Amino acid sequence: MASCQEFEVSVHTSPGPTCGTYNRLWLNLIGSQGETPPISVNEGNHHLLPGSVCPVLVRASEPLGRLVLIRLRLEARTGYPNLDWHCSRVEVREVADSRAEEGGRGATGPEGPEVQVFLCDRWLRTADGDVELRSGKLCLLKDETEEKLKQQRLKQLQHQQKLIRWRQFVDGAPHCLDVNSVSELGPNLSYTHKSPAPNLHYLRGFDSRGEAWKSFTELKTFFTHSGHQNNIARFVHAHWTDDWYFGYQCLNGCNPLLLRQTRLLPPNLSVTSDMLRPFLPEDSSLEQELQKGTVYLLDYEVLDGVPANVINGKQTYLSAPLCLLHLNQQGQLLPIAIQLQQTPGPQNPVFLPSDAGCDWLLAKIWVHSSDFHCHQLASHYLRTHMMGELSCVATLRQLPELHPLHQLLMPHVRTSLQINFKARASLLAAGGVFDKACGCGLQALPVLLSRASQRVYYRSLCVPEDLMDRGLDRLPQSLYAQDALRVWDALHRFVVSWVDLYYRGDDDVQDDSELQHWITDINTHGFTHDSGFPPSFQTRAEVSKFVTMIIFCCSALHAAVNFSQLDFSLWMPNCPASMSRPPPQVKGAVTEDDIVSFLPDVNLTCRVLTMLALLSQPATNFVPLCHYNEAIFRDDAHRRLVEAVQTELKAISDDITERNSQLELPYPYLSPDCIENSVAI
């Protein structure tokens, strides 16, 4: 009579209060030579309760060979709600039979039979049908030793590619996930964002005031109530008209990505050396300052010709300014020339610091308004949110769960699917805040996102190259640059160590077909112009750099451009989301009261600030950078890498805290303890 194999199986439910289910669970063991019929796990006194362990004895009448997979399937019970179930893991131990005791199959070591752990760590639903778990460590396709595991890996990707599909949101911009509701994401790709309610008390009650602010005095009264608890906003209010603070915000405000050093003046900027001589050192000239590298440029050409919105029944206006700045001998970055439109001409004057105070202030307000649109849609939504979604969809479609880069990337990109879908369905949709309160409305959105996408280059997403190309890498006044470099370097060392665990050499990279399909998917559905993204991966160094870029964009960069935005916008004239009158075509024609009439209406101001207050609120279930809840990171090899990067990031946080304590203007946004692990809002 043939001896049967017996296995002691324990099914572990995760401990969360809603992790259990009433549903019946069926289980099969799959070996290299055969499989067992399905057996019900939770019968009798065994229930899938939070934190519970359900034991079951499984007998195989035919030889299984080496156990390679566990198949699970949930089945709804009549009369009970169909609840999703969060499975932690399944553990299996083969029971030694009489032959094993004689030294045959199933012989055990001194510590008894080996326990195989099949990690799950995710939600299962009845709609999922059969779900297969595998034991063992993460590995590349080439390292799979069982043909069944290779086939299971391929089958998983084929299944994912049917479920996870691409959709075009805007022609010319990266594609997004093809879903019509958040529920389609399922429990493993959706999340609950828990945050304390921001104080919107002083922003309410203005909905009916679709009119301009009466005066700066009225605006100050509003700000005294709405901004009184925000120290940075109070500093903004005190210094927003100062030229040195205008320059400071270009370096360390909510959009530090546009300023760049220039050694050649744009041909369409109508300035001369004589015109700018009063604003440069006495013994120098514009040509000498350009050569020394002390001249910087803001160029909003991406906005040129973009259609402006109609709000409250009134036409609003956009401009595409050029702003020249100079780093003076005191280390201050000062604006020295502003041209409000791209095409030079007599009706497009160059505004100078020596002009009448109202002319110069209004020119700077126009720059800040243009910056609002580029910040919200290009620096924030495109470079962090859309970058995260692009990477997440490609990862789900091309890298199986056991691929080491799937596990490393998903904690950083998973949340982008839900938050981006909600943004497209609300903020960026008809009736949303961009439609009803911003100068860039529904007509402008596709134009600006498409243009901005054409201006994204791989180098501009990689911090060391970006800062070097923009001449900010050695500029001590740029706190963003200093902090971004340190965080990038720490992340890069972590990613290099992770990649080196699994790729023994560059040949392994070149031979990893899953990895090559992944970068192809990103390029096909991402920045399709000649963006400098690698067409394929040839070396471990290339992979490490690219993965670091994704993690940085979805965590640190998002923190810098998201959590800062309310601070710099609460005093609305510092960051107007729309302009109610066209850019001035002559000098000397505006007064302080005129300036107020250029600004957004009262109800629009409150609607935009409400949005920014909600977006800038950190979650109470905030996960700091490189902190992971996933079980895979508790593996010894992974845990050592995580502990090392956490130690390094903690040291950076401590250094930034110490530095900020000595600054009148602290820059907290890139302190790692303030950086969320992913784009969660």
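Quick notes on this structure:
- Averaged over its residues, the chain has an accessible area of 41 Å² per residue, based on protein heavy atoms and a 1.4 Å probe.
- Principal axis dimensions, largest first and in whole angstrom, of the range 171-234 by Cα: 49, 32, 25
- Taking one quarter of the surface of the convex hull spanned by the alpha-carbon atoms of the range 249-339 gives a direction-averaged projected area of 7.4 nm².
- Residue 40-residue 193 FRET efficiency (beta carbon distance; Förster radius 41 Å; 0.05 resolution): 0.65
- Contour excess over end-to-end distance, with Cα ends at residue 315 and residue 53 and 0.36 nm allotted per residue: 87.9 nm
- Set of lysines near residue 142 by C-alpha distance (under 28 Å), chain-local residues within fewer than 8 positions excluded: 150, 155, 162, 545
- Net charge, residue 357 excluded, C-beta distance under 13 Å - Lys, Arg +1, Asp, Glu -1: -4
- Theoretical ellipticity at 222 nm over the chain - DSSP helices of four or more residues, -39500 (n - 2.57) apiece, nearest 500: -11000 deg cm²/dmol
- Taking all protein chains as they are arranged and a probe of 1.4 Å, the heavy atoms of residue 120 leave approximately 10 Å² accessible to solvent.
- Counting only heavy atoms of the protein chains and using a 1.4 Å probe, residue 46 has close to 70 Å² of accessible surface.
- Local electrostatic count, residue 395, Cβ distance below 11 Å [Lys/Arg +1, Asp/Glu -1]: -2
- Sites residue 200 and residue 221 - FRET efficiency at Förster radius 22 Å, r taken between beta-carbons, to 0.05: 0.80
- FRET efficiency for residue 147 and residue 127, using Cβ-Cβ distance with R0 set to 35 Å, rounded to 0.05: 0.75
- In summary, the aspartates and glutamates within cross-link reach of residue 137, defined as a Cα separation below 12 angstrom excluding same-chain residues under 8 places away, comprise 401, 635, 636.
- Using distinct alpha-carbon pairs, which all enter the 1/r mean, Kirkwood radius of the range 1-62 in Å: 12.8
- Whether the range 370-513 is rounded, prolate or oblate, judged on the alpha carbon gyration tensor where a/c under 1.5 counts as rounded: oblate
- Taking Lys and Arg as +1 and Asp and Glu as -1, the other residues whose beta-carbon sits under 10 Å from that of residue 124 total +1.
The values are calculated or read from the model by the stated rules, or taken from the named source; none is laboratory data. Worth saying up front: this structure is predicted, and the values here are computed from it rather than measured. Note that each Cβ is placed from the backbone with ideal geometry, even for glycine, and that neighbours are counted across all protein chains shown. Ligands, DNA and RNA are excluded from the accessible area calculation, which covers all protein heavy atoms including side chains. Shrake-Rupley method; radii C 1.70, N 1.55, O 1.52, S 1.80 Å.
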